[in-house]
Amino acid sequence: MKKIKTYQNKKVLVLGLARSGFSAAKLLHDLGALVTVNDGKPFAENPEAQDLLALGVKVITGSHPIELLDEGFSLVVKNPGIPYSQPLVQKALEKKIPVITEVELAYQISEAPIIGITGTNGKTTTTTMIANVLNAGMQKGQALLSGNIGFPASSVAQTAKAEDRLVMELSSFQLMGIDTLRPKIAVITNIYEAHIDYHGSRPEYVLAKWRLQQRMTADDYLVINWNQPELEALSAKSNAQIIPFSTKEKVAGAYMLDGILYYKEEVIMAADELGVPGDHNIENALAAIAVGKLCDMPNEAIKQALQTFTGVPHRTQYVTTINQVKFFNDSKATNILATEMALGGFDNEKLILLAGGLDRGNSFDDLVPALKGLKAIVLFGETKEKLAAAAQAAGIKTIEMTDNVETAVPLAFSLSAAGDTILLSPANASWDQYPNFEVRGDKFMAAVAELK
């Protein structure tokens, strides 16, 4: 990593721990900063805080005292999940103290160029596809997953070498806290409405995503979804070279024509050779193809990587086949749009959907068109009654209700026949019954395993 002197003897406050905060605090300490960590979790229940204290880092836990900011900090490194409305963050901004997220630190120390990926849906799948494509074709170095995908960028960047590529998933929360970060290649998978509770409005959310390319120049590449007129229009405002991808038209980048995926005039592979189903995954694959070609990967390596990619855990992930019935885990589908996209990859007449979860007060009227023609639906959680009403409106003949994911699996299997698919794609958050979507997906896969 680059041994920067920027933070030597500077007072830095790391606000919020978890993996990214712990990584940032340790890195800053190693770079000679005078680090104070502030985390809401009590010290006795906070192993990260205990480890940092043992290293000599000042630790304050259990609350967020405003008077902390009287200590003359030069910088605040904020956990992405902490909103800017949080009083300590607001006060720091009032005092003109810069507030960043740890991905900015990763950029400052990384010897490896960054490939940054953002978007509303498909970030993790596209990020993983890109890493797989690069690792299938790179002659020297490797593609390293980092960022919002579960590997703190400031940790991965410390070991990345110049010949490597840092393939970094970036959320809108993280992008709000960047200043100098400049990817060599940036990817925007799509933009829909999301996280309005955090950003305040859709325009503010879009602006947060658009920050990914703010420092890019004509030497850099922005890979962007040409299926979305909004992104096509925004691309005119970027200094980067625009590489479009589209499933609807031939473009000067990656595109699908008559079921074949191309990069410019080169045939890469047939769309039905992809290892994961769904129109949304064709878009994700086109973005990965574009990045692969920009990094001079051989076509055969790109094709092999995308053929053998069977999905990221909990994101339209193929689980197994039992008695000629396929099982897919899409527990990450925590909203209507994500479930609509998942349903687009299957034949509804042979599909049994498992759905339900936390009631956020919304109706499911928008889901009705995507539900039409389903063989059956099995519902659970707080929203099962609302989803049942949507299923009735869609004309689904077999609508079953049950307690949870674990009981939904054998019930769905009892309704299935050879050639059918059972898909968990809840269209809801998991927090009414499970701590997160990963646990919900794991429970689904465990219940499937029990069927065997």
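The values are calculated or read from the model by the stated rules, or taken from the named source; none is laboratory data. Keep in mind that what you see is a predicted model, and the values were worked out from it rather than measured. All Cβ positions, even for glycine, are placed from backbone atoms using ideal geometry, and neighbour counts span all protein chains on display. In case anyone asks, the SASA skips ligands and DNA or RNA and just uses the protein heavy atoms, side chains included. Shrake-Rupley method; radii C 1.70, N 1.55, O 1.52, S 1.80 Å.
General remarks:
- The orientation-averaged projection of the convex hull spanning the C-alpha atoms of the chain amounts to 22.2 square nanometres.
- Potential extension, SER63-LYS372 segment - 0.36 nm per residue separation minus Cα distance: 106.3 nm
- Separation of the TRP431 and ASP70 label points, Cα + 7 Å toward Cβ, nm: 3.4 nm
- Chain lengthening between ALA417 and ASN299 when straightened (0.36 nm per residue, less Cα-Cα): 38.6 nm
- Relative to the longest principal axis of the Cα atoms of the chain, the long axis of helix 123-137 lies at roughly 80 degrees.
- Protein-only accessible surface at a 1.4 angstrom probe places the residues GLU104, GLU450, GLU249, GLU406 in the order GLU450, GLU249, GLU406, GLU104, largest first.
- Degrees between helix 437-451 axis and first principal axis of the chain (Cα, 0 to 90, nearest 10): 40 degrees
- Available extension along the chain between GLN50 and GLN90 is 11.7 nm, counting 0.36 nm per residue and deducting the alpha carbon span.
- Compared with the dominant principal axis of the Cα atoms in the chain, helix 299-308 is inclined by about 70°.
- Members of LYS3/LYS293; LYS209/LYS443; LYS140/LYS293; LYS5/LYS123; LYS350/LYS452 lying beyond 25 Å, as alpha-carbon distances in this model show: LYS3/LYS293; LYS209/LYS443; LYS5/LYS123
- The residues LYS397, LYS140, LYS41, sorted by heavy-atom accessible surface at 1.4 Å with ligands and nucleic acids left out, run LYS397, LYS140, LYS41 from largest to smallest.
- 16 Å Cα cut-off, lysine pairs counted over segment 11-100 (separation 8 or more, or different chains): 12
- The local environment of GLN228, defined by Cβ-Cβ distances under 14 Å, has a net charge of -3 under the rule Lys, Arg +1 and Asp, Glu -1.
- Estimated from helices alone, the mean residue ellipticity of the chain at 222 nm is -10000 deg cm²/dmol (sum of -39500 (n - 2.57) over DSSP H runs with n ≥ 4, per residue).
- Label-to-label distance, nm, for residues given as ASP279 and THR398 (7 Å Cα→Cβ offset): 2.6 nm
- Alpha-carbon Debye profile of segment 103-308, log10 I(q)/I(0) at 0.09, 0.19 Å⁻¹: -0.30, -1.41
- Calculation over all alpha carbon pairs of segment 257-367 in 5 angstrom steps from 0 returns a P(r) of 2, 10, 20, 20, 16, 13, 10, 6, 3, 1 percent.
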